[in-house]
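The values are calculated or read from the model by the stated rules, or taken from the named source; none is laboratory data. Computed from a predicted model, the values in this text were never measured in an experiment. FYI the Cβ positions are ideal-geometry reconstructions off the backbone, even for glycines, and counts take in every protein chain you see.
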Amino acid sequence: MGCDSEFRRLANRNRYIEDLEAQGYEVSFIGGHFLVFGLPYLDNEGALQYGDLATPVDLKDDLEIDKPSTHQVWFSGGVPHGSNGRPLPISAQNNPRTITSDLVFPLSFSFKLKGDGGQLLDYPSFEEKISTYIRVLTDPARQKYGTIPQRGIREQVSNLASPLRYPDTMSARDGINDLTAKLAGMKVGIVGLGGTGGYILDFLSKTPLALIRLFDDDIVHVHTLFRIPGAASSEALGKPKVEVLYAVYSSFHKAIEPVAEKIGPSNLTRLADLDYVFIAVDDGPSRELIAQALEEFQVSYIDVGMGLYRTSSGLDGMLRVSCWEVPDDPSLIGTQYLPGKNPADNEYRRQPQIGELNALNAAIAVLRFKQKVGFYTRECSGHSSIFEIGSFELDVYGADS
C-alpha cells in the first residue's frame with residue numbers, strides 16, 4: 001500500500017483513491033504516476049499471471065485529481081488475453097516507461113470508451129479510467145480462476161495468523177480489535193443446521209474462532225431453502241446441509257469443519273474438545289442427551305428453541321435461548337429452561353418456522369455467547385431469555401434475573 005506522505009495527501013484529497021485502498025487494492029503514487037499493483041490477467045496460454053498498472057496523473061491545486069489528459073496506461077506484465085485465447089482489444093504496444101529504476105513498465109495500452117453510436121469517447125474522470133482498465137484487464141482471470149485483483153487483501157491475509165480469509169477491517173475501523181481478539185483460539189460447535197443453526201453459523205463465520213464444527217445428518221429440502229441464510233440454488237436440494245453451508249462459508253472462514261452426522265450416544269465425544277456448543281435441534285430427548293454430555297465434559301453450551309402458533313390476528317409465540325456455562329452454573333437438565341420432551345402428537349412438526357425468527361433466535365444466542373467471552377457487557381446471569389413475539393418483550397429467567 002502507498003504509505004508516503006504524498007500518497008496520503010493524494011488519498012485524503014480524492015475519495016476514489018481512499019475507496020480503492022479500503023477495498024484492498026495495493027496502490028501508490030510515485031513520480032507523478034498512480035500505480036495499482038498485482039492485477040491478475042491471463043497470458044496467451046490462459047495461465048494466471050499478475051502485473052502492475054501505471055498512469056500519469058493530472059492534478060489541480062492541493063493534489064486534487066483532474067480529468068485525464070490521456071487515455072493510455074502502462075503495464076509491467078505481458079500482453080493480457082481473453083478467455084478465448086486472443087489478446088484483449090486494448091492495443092498493447094511495446095512502449096517502455098521508466099518511473100524509477102525499480103519501476104519499469106514495458107507495455108502501453110490504449111483503450112477508449114464507446115458511445116451509443118460506437119464513437120470513441122475520452123474518459124470523463126480519473127475514476128472512470130482506472131475502473132475501466134481494472135475491469136477489462138482482470139475480468140477474464142476473475143472468471144476463470146476466481147481470483148481477486150486486490151493484492152493488498154491477499155498479502156494482508158497471507159501475513160495474518162487468522163482463520164479469516166479477509167482482514168477484519170471492520171473491527172480495526174471501529175477500534176474494537178481487542179474485543180474481537182477475545183474470540184480468537186476458541187473452538188465452537190453447532191449441533192443442528194436448520195434455520196436457527198444456519199444463522200448462528202452466518203454470524204460466527206465473521207469472527208476469528210479457531211474452529212467451527214458443524215453437525216447435521218439431514219439433507220436440504222425445498223422448505224430448507226426458505227429458512228437458511230442467503231438464497232441457495234436448486235442445486236443444493238438433496239445434498240447434506242453441512243456440505244451446502246460449508247461450501248458457502250468456507251470461502252470466508254478457513255476453519256469450518258462439516259460433520260454429516262447426527263449427534264447421539266455413539267459420537268458424543270466429538271463435542272468434548274470444544275469450548276462452546278450451540279444446540280439447535282428440534283428433538284427434546286436429543287437436546288437433553290447432548291446437554292447432559294456437555295455438562296459432564298464441562299463444555300459451555302447455549303440451547304435455542306422456538307414455539308409458534310396461529311391466532312385470529314396472526315402468528316404468536318416465543319423464542320427461547322438457554323445458557324449453561326462452566327464452571328459455576330447449576331445444571332439445566334430437567335428444568336423448564338431445557339425442554340427434554342417433545343410436544344404431544346408431534347406438535348412441533350406442525351408449527352411454523354420463519355426465517356426472520358430463526359435469525360433473531362440465532363442473534364440472541366450469539367449475543368449471549370459473546371457476553372460470555374467479554375465482547376459485550378453482561379449485567380444479568382439469568383439462564384434463559386424468552387422473546388415474546390406478540391408483546392415484543394425480552395425477559396430473562398434464572399439465577400440473578
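Scanning the stretch 270-285 for residues that are modelled with pLDDT of 95 or more and either hydroxyl-bearing (Ser, Thr, Tyr) or assigned to a helix (DSSP H, G or I) (or both) turns up 270, 271, 276. Within the stretch 247-276, how many residues are within 19 Å of residue 298 (Cβ to Cβ) and of a type in the set (Val, Ile, Thr)? Qualifying residue count for the region: 2. Screening residue 77 on (1) out of contact with any Lys or Arg (no Cβ under 7 Å at 6 or more places or on another chain); (2) crowded, with 20+ Cβ neighbours inside 10 Å; (3) without any contact (Cβ under 8 Å) to a residue 60 or more places away in the chain shows it passes everything except condition (2). Residues in the stretch 211-235 that are under 20 Å from the mean Cα position of the chain (by Cα) and within 26 Å of residue 264 (Cβ to Cβ): 211, 212, 213, 214, 227, 228. Entry remark, the stretch 258-295: residues being farther than 21 Å from residue 336 by Cβ, within 29 Å of the chain's Cα centre (by Cα) and not aliphatic (A, V, I, L, M) number 7 in total. Taking the criterion of being farther than 20 Å from residue 147 by Cβ, under 34 Å from the mean Cα position of the chain (by Cα) and of a type outside the set (A, V, I, L, M, F, W, C), the only residue of the stretch 44-87 that qualifies is 55. Quickly run through the stretch 191-225 and pick out the residues that are of a type in the set (A, V, I, L, M), over 14 Å from residue 369 (Cα atoms) and assigned to a helix (DSSP H, G or I). 222, 225, listed by residue number.
Applying the set (1) out of contact with any His (no Cβ under 6 Å at 6 or more places or on another chain); (2) on the phi < 0 side of the Ramachandran plot to residue 38 leaves exactly one unmet item: (2). Residues in the stretch 290-338 that are within 18 Å of residue 395 (Cα to Cα) and in a loop (DSSP other than H, G, I, E, B): 332, 335, 336, 337, 338. Kindly provide the set of residues from the stretch 211-234 that are surrounded by 13 or more Cβ atoms within 10 Å (Cβ to Cβ) and of a type in the set (A, V, I, L, M), ordered by number. Listed by number, the residues that qualify are 211, 212, 214, 219, 220, 225, 228, 232. For residue 251, the stated conditions hold: it is surrounded by fewer than 18 Cβ atoms within 10 Å (Cβ to Cβ), over 24 Å from residue 290 (Cα atoms) and either at pLDDT 90 or above or of a type outside the set (Lys, Arg) (or both). Restricting the search to helices (runs of 4 or more DSSP H) fully inside the stretch 71-178 and requiring at least 1 residues that are under 25 Å from residue 31 (Cβ atoms), of a type outside the set (D, E, K, R) and modelled with pLDDT of 90 or more gives 126-145. Considering 242, 188, the condition of being β-branched (Val, Ile, Thr) and not in a strand (DSSP E or B) is satisfied by 242 alone.
Note on the stretch 376-385: residues that are surrounded by fewer than 19 Cβ atoms within 10 Å (Cβ to Cβ) and of a type outside the set (Lys, Arg) total 6. For the list (1) of a type outside the set (Ser, Thr, Tyr); (2) buried (at least 16 other Cβ atoms within 10 Å of the Cβ); (3) under 36 Å from the mean Cα position of the chain (by Cα), I need the number of the one condition that residue 124 fails. Only one criterion is unmet by residue 124, namely (2).
Residues satisfying the criterion are present in the stretch 247-254 (criterion: touching a residue at least 12 places away in the same chain (Cβ under 8 Å), among the aromatic types (Phe, Trp, Tyr) and more than 19 Å from residue 324 (Cβ to Cβ)).
A Cβ distance below 7 Å, combined with a sequence gap of six or more or placement on separate chains, defines the contacts here; from the stretch 331-358, residues that are under 25 Å from residue 199 (Cβ atoms) reach no residue that is in a loop (DSSP other than H, G, I, E, B) and modelled with pLDDT under 70.
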